[in-house]
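Bear in mind these aren't lab numbers, they're just calculated from the coordinates by the rules spelled out. Just so we're clear, the structure is a prediction, and the values are computed from it rather than from any experiment. Here Cβ is always computed from backbone atoms with ideal geometry, including for glycine, and neighbour counts include all displayed protein chains.
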Amino acid sequence: MTEVHDVQSGREKILVIGGGISGLTASIEAAEAGFEGVLVEKNPYLGGRVARMNLYFPKLCPPTCGMEINFKRLKANSNITLYTLAEVLEITGEPGNFNVKIRQNPRFVNENCTACNACVEVCPNERPNDFNYGMDKTKAIYLPFGMAFPRHYVVDSGHCPGSECAKCVEVCKYNAIDLKMEPKMIEIKAGAVIMATGWEPYDALKIDNLGFGQYKNVITNVMMERLASPHGPTQGKILRPSDNKEVQSIAFVQCAGSRDENYLPYCSGVCCMASLKQARYVREFKPDSKVHIYYIDIRAAGKYEDFYAAVQKDENVIIQKGKVAKVTEDPATNNLIVEAENTATGEKMATAVEMVVLATGMVPASGNGQFPVNLSIDDNGFMVPEWRKTGIDAVGCVKNPVDVASSVRDATGAALHAIQHVIRR
């Protein structure tokens with residue numbers, strides 16, 4: 001294992017953990033203010049969950065625009081040191097003088113890579129595509145997605161036989177592939193830390209009455225986002241998994257596991273808007289389709305109210321206040337029966353649809369409390385920021401469920417907090 005030590009004064013160095021939209025924004029804002037930053041991301045690419053979205057609400061524009069601008073800002077700024085495929089193992093010391101240990105796992109592809117794709121063409125092994133939530137596959141050597149930054153391929157060592165195959169090494173004209181790469185241990189000093197580790201979708205397998213994992217045509221909202229993407233597993237066609245049929249009728253189940261003491265007791269705030277947006281995806285893809293949305297309360301605050309009102313005007317979108325009790329399948333057709341109760345009238349309802357989308361909530365990444373330093377965590381696993389005392393701030397969805405715009409604003413504030421902290425120390 002290679003060891004790298006950067007033990008020069010870290011008084012003005014700001015460590016950002018997490019390269020999603022929050023961490024990316026915080027590191028760029030601090031760097032452009034003249035402070036040296038270290039950005040650590042566990043994935044082989046930057047962008048986090050935002051990179052896996054199809055469109056933002058309410059404008060329904062692709063996230064690639066904003067991401068591309070941020071990537072250009074990052075490339076142009078020499079104040080940022082980036083480590084992908086990396087994790088922070090330990091943070092010790094005190095505010096203004098933190099000692100940080102980072103482990104960087106091997107990519108097996110170096111900076112000579114031109115993304116020419118020759119390696120992929122000869123690779124005989126496949127892996128589940130985690131970027132698309134396992135709904136398709138890539139080769140064992142792959143580019144995570146079309147706009148990936150860094151734009152270098154990566155080898156999944158769990159699905160690559162290494163030197164026993166090495167076809168990718170043989171075909172690469174640029175000597176970009178090194179299957180003998182080893183992990184690196186990196187030590188740095190930092191004056192302040194920003195936690196931007198983001199969120200994970202709640203595990204729908206834990207919800208035993210809604211059919212996820214039991215019926216192929218029950219998917220989650222994050223999977224739906226990839227289905228609708230032109231760069232997703234179906235190139236933007238909304239097809240049900242059991243038979244690749246174009247979906248004619250679909251049900252969105254709101255608060256799937258949320259606001260429920262048995263699963264997630266809190267509201268994630270953005271799920272309603274996500275389902276309203278995805279209802280638009282379906283209606284635009286299939287103009288004669290029918291959409292059912294079952295909700296407890298619709299959360300569409302402020303400027304999002306207009307978006308909600310526009311969806312309500314669509315006669316083929318039935319927005320029903322009702323708690324879904326159960327989802328079952330007709331084995332002859334693989335259609336799904338959604339059983340719900342109209343909470344206004346007490347009436348029991350059963351509706352047949354071709355696919356069901358579960359609007360699962362947001363869980364803070366490292367919500368089990370396994371952070372690299374002792375931090376205050378609330379009852380739901382979210383980090384409680386105490387930056388004035390600890391020199392460690394929290395930003396975005398590791399602190400509370402928020403949308404993209406709120407995350408960006410929050411990240412700018414966190415960068416300011418970190419700058420204030422290192423200056424005052």
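Give me His231, His421 sorted ascending by neighbouring Cβ count inside 10 Å, so fewest comes first. Walk me through the intermediate numbers first.
On the way: His231 16, His421 21.
Ordered from fewest to most neighbouring Cβ atoms within 10 Å, His231, His421 come out as His231, His421.
Region 49-127 to region 246-325: how many Å between their Cα centroids?
Each part reduced to its Cα centre gives a spacing of 32 Å.
To make sure I understand the rule: partners must be lysines, Cα under 24 Å from the Cα of Lys389, and not fewer than 8 residues away in the same chain. Which ones qualify?
The reachable lysines, counting only those whose Cα sits under 24 Å from Lys389, are Lys13, Lys101, Lys189, Lys399.
So in region 85-223, what percent of DSSP beta bridges are antiparallel if you round to the nearest 5? If you can, show how the numbers build up before the last one.
Values: 21 of 22 bridges.
Among the beta bridges of region 85-223, antiparallel pairing accounts for roughly 95 percent.
About the Cα centre of the chain, what is the dipole size in debye to 20, counting +1 per Lys and Arg Cβ and -1 per Asp and Glu Cβ, all else neutral? Before the final figure, lay out the partial values.
Numbers: 46 positive and 49 negative charges, 144 e Å.
Value, rounded to 20: 700 debye.
How do Glu261, Glu68 rank when sorted from fewest to most other Cβ atoms within 10 Å of their own Cβ? Mind showing how you got there, number by number?
Working: Glu261 6, Glu68 13.
Ordered from fewest to most neighbouring Cβ atoms within 10 Å, Glu261, Glu68 come out as Glu261, Glu68.
Give the shape of region 202-362 as rounded, prolate or oblate, defined through the alpha-carbon gyration tensor: a ≥ b ≥ c are the square roots of its eigenvalues, a/c under 1.5 means rounded, and otherwise the shape is prolate if a/b is larger than b/c and oblate if not.
Rounded, since a/c falls under 1.5.
Please list, in chain and number order, the residues 5+ apart from His292 or on another chain whose amide H is under 5 Å from its amide H, with Hs placed from the backbone.
Ile250, Ala251, Phe252, Ile318
Ranking Ile194, Ile318 by Cβ neighbours within 10 Å, fewest first, what do you get? Intermediate values should be presented prior to the final figure.
Details: Ile194 30, Ile318 14.
By the 10 Å Cβ count, ascending: Ile318, Ile194.
Suppose a student asked you for the relative contact order of the chain, using Cα pairs under 8 Å spaced at least 6 residues apart; what percent would you report?
20
Return a whole-number percent for the relative contact order of region 202-362, with Cα pairs under 8 Å and 6 or more residues apart as the contact set. Show your work: numbers first, answer last.
Working: 318 pairs, mean separation 48.7, N = 161.
The value is 30 percent.
Below 14 Å, Cα to Cα, which aspartates and glutamates can Lys348 reach? Residues fewer than 8 away in the same chain don't count.
Answer for Lys348, where 14 Å is the Cα cut-off: Glu339, listed by chain and number.
Determine the gain in length on full extension of the stretch Ile69-Asn175; use 0.36 nm per residue of separation and subtract their C-alpha separation, reporting nm with one decimal.
Working: separation 106, 0.36 × 106 = 38.16 nm, distance 3.00 nm.
Extending this stretch completely gives an extra 35.2 nm.
Please list, ordered by chain and number, the residues whose modelled amide H lies under 5 Å from the amide H of Ala115; skip anything fewer than 5 residues away on the same chain.
Result for Ala115 returns Tyr153.
What helices does the chain have that are whole DSSP H segments, at least 24 Å long along their own axis by Cα, and with mean Kyte-Doolittle hydropathy of -0.5 or more? List each step's numbers first, then the result.
Values: long enough: 404-424 (30 Å, 0.44).
Long hydrophobic helices here: 404-424.
Write down the percent of antiparallel bridges among all DSSP beta bridges whose residues are both part of the chain, to the nearest 5. Before the final figure, lay out the partial values.
On the way: 40 of 81 bridges.
Of those bridges, close to 50 percent are antiparallel.
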